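Colleague: Structure incoming, see below.
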Amino acid sequence: MRPTRILMIGAGRMAEAVLSGILKQANPAIEKITLTNRQDKERLELLKERYGVHVSSNWEEEAKDHDVILLASPPATHDVILKRLGELIDGQLVLTVAAGIDTTYMEERLPKGTPVCWIMPNTAAQIGESISTYTCGHYVNPQHREMIAFILEAIGESAELSEQQVHDLTAVTGSAPAFVYAFVEAMEEAAVENGVTAEQARSLVTKMLSGSAAMLAAGHSPQDLRDQVASPGGSTAAGLEVLEKRHYKEAIKAAVKATNAHARGE
Ligand SMILES: NC(=O)C1=CN([C@@H]2O[C@H](COP(=O)(O)OP(=O)(O)OC[C@H]3O[C@@H](n4cnc5c(N)ncnc54)[C@H](O)[C@@H]3O)[C@@H](O)[C@H]2O)C=CC1
Ligand SMILES: O=C(O)[C@@H]1CCC=N1
């Protein structure tokens, strides 16, 4: 990889996740990383202290001096930031992790020929365990791809998809961890109501979840796994029947639809 300077616009949770992943790779080609946000100086100081990176509350002054610019600010800030960025940059690679901000949107606001990439990670990026979908714009060359792969590997695994697919899967890979955590909260509450401590409930439910995920990762289908648990006429079947009556799958699919629609600004 060529010597590279990375600028991040936005210094929140996702920016920190990407930053810590990149630093763990200890790649000598990364010459400099600068984190910026609009006004939270305290947050910038904390990140500077924690990671030893450069910080600034004026990204406009920094843009020229960096090769890769990663937007990790809210989607609603992108219109203004991209248009201003377009006045400042000259061929730099521009990436975003924002929900709903696809490469067409970016290319429309940046000078013709600007290489762009849209990455949709999830919060497991914080521990290098994200499954990130991504899609590249028209002007991304093999060198840019090397950089994009480096960032993606720093936060976990990834799948390159079409722009439409990244939109359609925003809920399934980006937001669904929150759906899983809501399920865990309900399970923990049920466990506590049945007499175990909150710590025991956390430990039991977490292990149940990681074991279930490991069975899926081993290649078994969810239908087979469900059937293995639910002995015919047994107690699990009675529980599944309640979920079905309460439209469990429909509720999840409706949540996916609502999430994606919101991300697209609908
Ligand atoms: N949290 C998540 O699970 C995921 C978040 N994302 C995307 O990541 C982006 C950031 O999300 P989080 O890190 O969760 O949010 P956050 O609230 O932790 O961080 C947002 C950051 O943007 C900065 N900011 C706000 N307005 C700005 C502006 N006008 N100019 C420069 N900086 C500005 C804030 O100071 C803050 O540092 C969003 O676009 C979101 O769609 C994508 C996938 C998953
Ligand atoms: O809630 C959000 O807007 C972001 C997008 C994907 C996950 N979190």
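The values are calculated or read from the model by the stated rules, or taken from the named source; none is laboratory data. Here the structure is a predicted model, which is why all the values come from computation and not from measurement. Cβ: placed from backbone, ideal geometry, glycine included. Neighbour counts: every protein chain shown. Quick note on the areas: whole protein, heavy atoms, side chains included, nothing else; ligands and nucleic acids left out. Shrake-Rupley method; radii C 1.70, N 1.55, O 1.52, S 1.80 Å.
Colleague: Sort out which residues of region 76-89 are under 11 Å from residue 9 (Cα atoms) and away from ligand 2 (no atom under 15 Å from the Cβ), and write them in order of number.
Modeller: Passing the criteria: 81, 82, 85.
Colleague: Could you tell me whether residue 110 is open to solvent by less than 70 Å² (accessible area, probe 1.4 Å) and under 18 Å from residue 95 (Cα atoms)?
Modeller: So residue 110 fits the description; yes.
Colleague: Same structure, new question: Across region 236-266, which residue is surrounded by the fewest Cβ atoms within 10 Å (Cβ to Cβ) among those that are of a type in the set (D, E, K, R) and within 15 Å of ligand 2 (Cβ to nearest atom)?
Modeller: Going residue by residue through region 236-266, those that are of a type in the set (D, E, K, R) are 241, 244-246, 249-250, 253, 257, 264, 266.
Pick out the ones that are also within 15 Å of ligand 2 (Cβ to nearest atom) and you get 257, 264, 266.
Values: 257: 11, 264: 14, 266: 8.
The residue in question is 266.
Colleague: Residues of region 218-235 being under 29 Å from the mean Cα position of the chain (by Cα), loosely packed, with under 11 Cβ neighbours inside 10 Å and within 21 Å of residue 249 (Cα to Cα), which ones? Please lay out each step first, then the result.
Modeller: Going through region 218-235, the residues under 29 Å from the mean Cα position of the chain (by Cα) turn out to be 218-223, 225-226.
Keeping just the survivors that are loosely packed, with under 11 Cβ neighbours inside 10 Å gives 218-219, 221-223.
Within region 218-235, 221, 222, 223 meet the criteria.
Colleague: Give the residues of region 95-125 that are assigned to a loop (DSSP other than H, G, I, E, B), more than 8 Å from ligand 1 (Cβ to nearest atom) and either of a type in the set (Phe, Trp, Tyr) or more than 27 Å from residue 23 (Cα to Cα) (or both), sorted by residue number. It would help to see each step written out before you state the result.
Modeller: Kept after step one, since they are assigned to a loop (DSSP other than H, G, I, E, B), are these residues of region 95-125: 97-102, 110-115, 121-122.
Now drop any that are not more than 8 Å from ligand 1 (Cβ to nearest atom), which leaves 102, 110-115.
Within region 95-125, 110, 111, 112, 113 qualify.
Colleague: Also: Taking residue 118 as meeting all but one of (1) touching a helix residue (DSSP H, G or I) at 6+ places or on another chain (Cβ under 7 Å); (2) aromatic (Phe, Trp, Tyr); (3) open to solvent by 30 Å² or more (accessible area, probe 1.4 Å), write down the number of the exception.
Modeller: For residue 118, the failing item is (3).
Colleague: Moving to a separate point now. Does any residue of region 126-139 turn out to be of a type outside the set (Gly, Ala, Ser), in a helix (DSSP H, G or I), touching a strand residue (DSSP E or B) at 6+ places or on another chain (Cβ under 6 Å) and assigned by TED's automatic domain parsing to the domain that holds residue 20? Write out each step before concluding.
Modeller: In the first step, residues of region 126-139 are kept if they are of a type outside the set (Gly, Ala, Ser); the result is 126-127, 129, 131, 133-136, 138-139.
Restricting the remaining residues to those that are in a helix (DSSP H, G or I) gives 126-127.
Right, trim to touching a strand residue (DSSP E or B) at 6+ places or on another chain (Cβ under 6 Å) and you get none.
No: region 126-139 contains no residue that is of a type outside the set (Gly, Ala, Ser), in a helix (DSSP H, G or I), touching a strand residue (DSSP E or B) at 6+ places or on another chain (Cβ under 6 Å) and assigned by TED's automatic domain parsing to the domain that holds residue 20.
Colleague: Please determine, by comparing only the residues of region 46-64 that are of a type in the set (D, E, K, R) and out of contact with any strand residue (DSSP E or B) (no Cβ under 7 Å at 6 or more places or on another chain), which one is surrounded by the most Cβ atoms within 10 Å (Cβ to Cβ).
Modeller: The residue in question is 60.
Colleague: On to the next question. With the structure loaded, tell me whether residue 264 is among the charged types (D, E, K, R), in contact (Cβ under 8 Å) with a residue 12 or more places away in the chain and within 16 Å of ligand 1 (Cβ to nearest atom) or whether it fails that test. I'd like the intermediate steps shown before the answer.
Modeller: On the way: among the charged types (D, E, K, R): yes; in contact (Cβ under 8 Å) with a residue 12 or more places away in the chain: yes; within 16 Å of ligand 1 (Cβ to nearest atom): yes.
Yes: the conditions hold for residue 264.
Colleague: Inside region 162-240, counting only helices (runs of 4 or more DSSP H) that do not spill past its ends, which hold 2 or more residues that are more than 16 Å from ligand 1 (Cβ to nearest atom) and basic (Lys, Arg)?
Modeller: Working: elements: 163-169, 176-193, 198-217, 222-229.
Hits in region 162-240: 198-217.
Table: residues versus (1) open to solvent by 60 Å² or more (accessible area, probe 1.4 Å); (2) of a type outside the set (A, V, I, L, M, F, W, C); (3) more than 16 Å from ligand 2 (Cβ to nearest atom).
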{"site": "43", "(1), (2), (3)": "no, yes, yes"}
{"site": "74", "(1), (2), (3)": "yes, yes, no"}
{"site": "91", "(1), (2), (3)": "no, yes, yes"}
{"site": "105", "(1), (2), (3)": "no, yes, no"}
{"site": "148", "(1), (2), (3)": "no, no, yes"}
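Colleague: Evaluate region 110-121: report whether one residue or more is within 20 Å of residue 59 (Cβ to Cβ), over 13 Å from the mean Cα position of the chain (by Cα) and either of a type in the set (Phe, Trp, Tyr) or modelled with pLDDT under 95 (or both).
Modeller: Step one: of region 110-121, the residues within 20 Å of residue 59 (Cβ to Cβ) are 110-111, 114-119.
So of that shortlist, the ones also over 13 Å from the mean Cα position of the chain (by Cα) come out as 110-111, 114-117.
Now narrow it down to the ones that are either of a type in the set (Phe, Trp, Tyr) or modelled with pLDDT under 95 (or both): none.
No, because not a single residue in region 110-121 is within 20 Å of residue 59 (Cβ to Cβ), over 13 Å from the mean Cα position of the chain (by Cα) and either of a type in the set (Phe, Trp, Tyr) or modelled with pLDDT under 95 (or both).
Colleague: When the residues of region 12-28 are narrowed to those that are away from ligand 2 (no atom under 16 Å from the Cβ), among the aliphatic types (A, V, I, L, M) and open to solvent by 10 Å² or more (accessible area, probe 1.4 Å), which ends up nearest to the chain's Cα centre (by Cα)? Can you show your working first?
Modeller: Within region 12-28, the subset away from ligand 2 (no atom under 16 Å from the Cβ) is 19-28.
From the residues that got through so far, the ones that are among the aliphatic types (A, V, I, L, M) too are 19, 22-23, 26.
With open to solvent by 10 Å² or more (accessible area, probe 1.4 Å) added as a condition, the list becomes 23, 26.
Values: 23: 18, 26: 21 Å.
It comes out as 23.
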